[in-house]
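First up is the structure itself, then whatever we jot down about it.
Bear in mind that the values in this text are calculations on the coordinates, not laboratory data. Small disclaimer: the values here were computed from a predicted structure and weren't measured.
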Amino acid sequence: VNISTPQQGHTNYLIGLFDPSTFAANYRCGHCNSDTRLVHDGFGVPHLVIEHDDGCPVLTGALTAAPDVLRASRRAS
Ligand SMILES: [Zn+2]
């Protein structure tokens, strides 16, 4: 499946087309001084690891990371 080609009647991505490395480089937690790393699992699938400061409201689940995802995706697309 070529995810870069829009399909008629449906999409197969959530936040647009982007380079995972660029997305990781642009991702910042909006509530702490996080460190972000891109790691690949044994299948080569990229995973974003965000190391939040202790007590960060995103880390505790009090706030969503959605705005940070949107900011990073706008810069990465
Ligand atoms: Zn944080």
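Just a few scattered comments:
- For the range 20-36, Karplus couplings with θ = phi - 60° (6.51, -1.76, 1.60), whole Hz, Gly/Pro x: x, 5, 5, 4, 4, 5, 8, 7, 9, 5, x, 10, 7, 8, 6, 10, 10
- Couplings 3J(HN,Hα) of the range 50-56, computed from phi: 10, 9, 7, 5, 4, x, 4 Hz, in residue order, whole Hz [Karplus 6.51 cos²θ - 1.76 cosθ + 1.60, θ = phi - 60°; x for Gly and Pro].
- The Kirkwood radius of the range 21-77, taken over pairs of alpha-carbon atoms, gives through the Stokes-Einstein law at 20 °C and 1.002 mPa s a diffusion coefficient of 181 µm² s⁻¹.
- Residues with amide H under 5 Å from that of CYS29, placed H, sequence gap 5 or more: SER34
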